[in-house]
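The block underneath contains the structure these notes are about, expressed in structure tokens.
The values are calculated or read from the model by the stated rules, or taken from the named source; none is laboratory data. Please read all numbers here as calculations on a predicted model, not as lab measurements. Please note: Cβ atoms are built from the backbone with ideal geometry, for glycine as well, and neighbour counts cover all protein chains shown. These area figures cover heavy atoms from the full protein model, side chains too; ligands, DNA and RNA do not enter into them. Shrake-Rupley method; radii C 1.70, N 1.55, O 1.52, S 1.80 Å.
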Amino acid sequence: MRRGSLEIVGTGIQAVQHVTLAARDSIEDADKVLYLLADPITQMWIRKLNPTAESMHDFYKEGRPRIHTYVDIVERLLSYIRRGKRVTFVSYGHPSVFCLLLLRSALSCF
């Protein structure tokens, strides 16, 4: 079985205009793309680049503690990685800001 991997890329703050070529390649080449994005134009573009693209937005529920949402998102990412998939996680803005929240949330549960 192939070892899974994770690449984390950001889209910047303007629809598609701030995406680097490296980020685009990662999205196109991934076995699975998971994303959290603010604008529908970028969402459509990503789904066109990679039909496996899946929004993580449904994990957010009114009144639900964010830590539970973040842990569920991390678990979804890990589920594909554990199956040997090359996963790309796409977030709006600079990915390190959001991913730091995800990582802190996931680690605080253990």
Check: So, by mean Cβ neighbours within 10 angstrom, what's the order for 36-49, 59-72, 77-90 with the highest one leading?
Finding: 77-90, 36-49, 59-72
Check: How do LEU34, LEU6 rank by accessible surface area computed with a 1.4 Å probe, from largest to smallest?
Finding: LEU6, LEU34
Notebook entry, point to check: So who's got an amide H within less than 5 Å of the one on LEU6, skipping anything under 5 residues away but keeping other chains? H placed 1.01 Å off N, in plane.
Noted result: VAL87
